[in-house]
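Worksheet: one structure, shown below.
The values are calculated or read from the model by the stated rules, or taken from the named source; none is laboratory data. Since the model is a prediction, treat every value here as computed from it, not as a measurement. Cβ placement follows ideal geometry from the backbone for every residue including glycine, while neighbour counts extend to all protein chains displayed. Keep in mind that these areas ignore ligands, DNA and RNA; they rest on the heavy atoms of the full protein, side chains included. Shrake-Rupley method; radii C 1.70, N 1.55, O 1.52, S 1.80 Å.
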Amino acid sequence: MLRLHSPGAWIEREATKDDVIPFEKPFTDRHGNVRHHLPISKGDWIRISIRAINCQEEVWGPDAREFNPERWRDPPKAVSTMPGLIQQQMSFSTGPKSCIGYKFGLMQMKAMMFCLIRAFEFEPAIPKEMVIRRSLAVSRPMIKGQVNQGTQLPMRIRRRVR
């Protein structure tokens with residue numbers, strides 16, 4: 001779930017020295033120049049899209065943007081080359097500046113989900129096509145045409161019958 005719905009939309013880092021970021025595959029920019037790397041200068045800010053990394057079709061396959069728990073039984077081989085703290089996902093970043101609270105966050109989320117799913121049934125109250133994602137510091141669901149009303153995710157919730 002966190003691969004598709006990471007709490008953070010992006011990671012920003014400031015370059016501490018002049019450097020070059022190599023590209024895995026060269027590409028042609030809008031001016032027709034073939035680019036093999038990105039030169040950066042000290043003080044430049046770099047924004048890395050967590051969702052773009054977590055949903056790469058080249059890594060996760062053609063259903064990269066779909067929730068498919070079965071993929072974890074036999075993850076695609078390319079997944080093993082991805083950075084990340086858990087299951088090669090960037091949801092909590094990676095490296096020395098990764099989220100220090102990720103283990104607590106995962107534990108808290110698992111406990112909450114266990115309690116909620118055991119006690120209630122959930123279903124969307126509107127068609128999923130009406131829900132859009134707005135990324136501020138954290139990704140938030142909003143309704144098409146109602147963005148000015150802020151974060152919304154209408155749900156029907158019923159107590160689970162045991």
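Solvent exposure of the chain amounts to 75 Å² per residue of accessible area, where only protein heavy atoms count and the probe is 1.4 Å. Surface composition of the chain: carbon plus sulfur atoms hold 57% of the accessible area, using a 1.4 angstrom probe and ignoring ligands, DNA and RNA.
Taking all protein chains together, H31, H5 sort by accessible area into H31, H5, largest first [probe 1.4 Å]. Taking the charge dipole of the chain about its Cα centre, with +1 at Lys and Arg Cβ atoms and -1 at Asp and Glu Cβ atoms, the residue from S49, M155, P141 reaching farthest to the positive side is M155. The Cα atoms of the range 113-162 define a convex hull whose projected area, averaged across directions, is 4.4 nm².
Counting only residues at least eight positions apart within a chain, or on another chain, the aspartates and glutamates with an alpha carbon under 15 Å from that of K42 are E12, E14, D18, D19. Rg and Dmax of the chain, based on Cα coordinates, read 19.1, 64 Å. Relative contact order for the chain: 20 percent, from Cα pairs under 8 Å spaced at least 6 residues apart, divided by residue count. Loop-located trypsin sites (Lys or Arg not before Pro) across the range 15-55 with a Cβ neighbour count of 10 or fewer within 10 Å are K17, R30, K42, with loop assigned by DSSP.
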